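First the structure, in the form of structure tokens, and then the observations on it.
The values are calculated or read from the model by the stated rules, or taken from the named source; none is laboratory data. What you are looking at is a predicted structure, and each value in this text was computed from that prediction instead of being measured. A quick note on method: Cβ atoms are made from the backbone with ideal geometry, for glycine too, and the neighbour counts reach across all protein chains shown. The protein model used for the area step is the full one, side chains on, heavy atoms only, and it has no ligands, DNA or RNA in it. Shrake-Rupley method; radii C 1.70, N 1.55, O 1.52, S 1.80 Å.
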Amino acid sequence: MLGSDLISIFFRLLNFIILIVAGVYLFKRYAVGAIQNLIIERQQKIDDTKQEIVLLKRQELRCEQELVDQQVAYQELGKKVEQWHQQVAAVARESEKQTLALNRALQHVSVVQNQYMVARQVKRLVLPQALSDARLVMIKEFAAPEKGELFVAQIIKHVERR
């Protein structure tokens, strides 16, 4: 029995060793390659993800810089718009002043033209009557020859003084 137990243990041990060797062989032959491929794939995904994170961080920094640049540009544009608005308001005020001055000048010209027209009409209407009246008065005044000579002497003196 001892021999048969020993043989039985020996074969059990041999079967166990063969089973382990066969398991290791099959594991190395089929599973190790698949596991290595899986590890390589996952490592590649990790590397890709790391690169993507780096790229996304760079993109985030670029976006933040663009945002800052756009905010600065927006503020500058706002200042330019405000300056433009002030300039437009100043031009409008100046234009209004010029318009008022032009209107005053036109009113003045109109008044002067109206005065000139009235004076011309008065002259046209009154002058012939005034000359006629003056002629009659002069004829009456200077009917005596001494008065005429005195008047002519006064006119000559007046002309000589000038």
The one condition in (1) loosely packed, with under 10 Cβ neighbours inside 10 Å; (2) modelled with pLDDT of 90 or more; (3) not β-branched (V, I, T) that M1 fails to fulfil: (2)
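Does the range 109-121 include one or more residues that are surrounded by 10 or more Cβ atoms within 10 Å (Cβ to Cβ) and not in a helix (DSSP H, G or I)?
Among the residues of the range 109-121, not one is surrounded by 10 or more Cβ atoms within 10 Å (Cβ to Cβ) and not in a helix (DSSP H, G or I), which makes the answer no.
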Residues of the range 122-148 satisfying the condition of being open to solvent by 70 Å² or more (accessible area, probe 1.4 Å) and small (G, A, S): A143
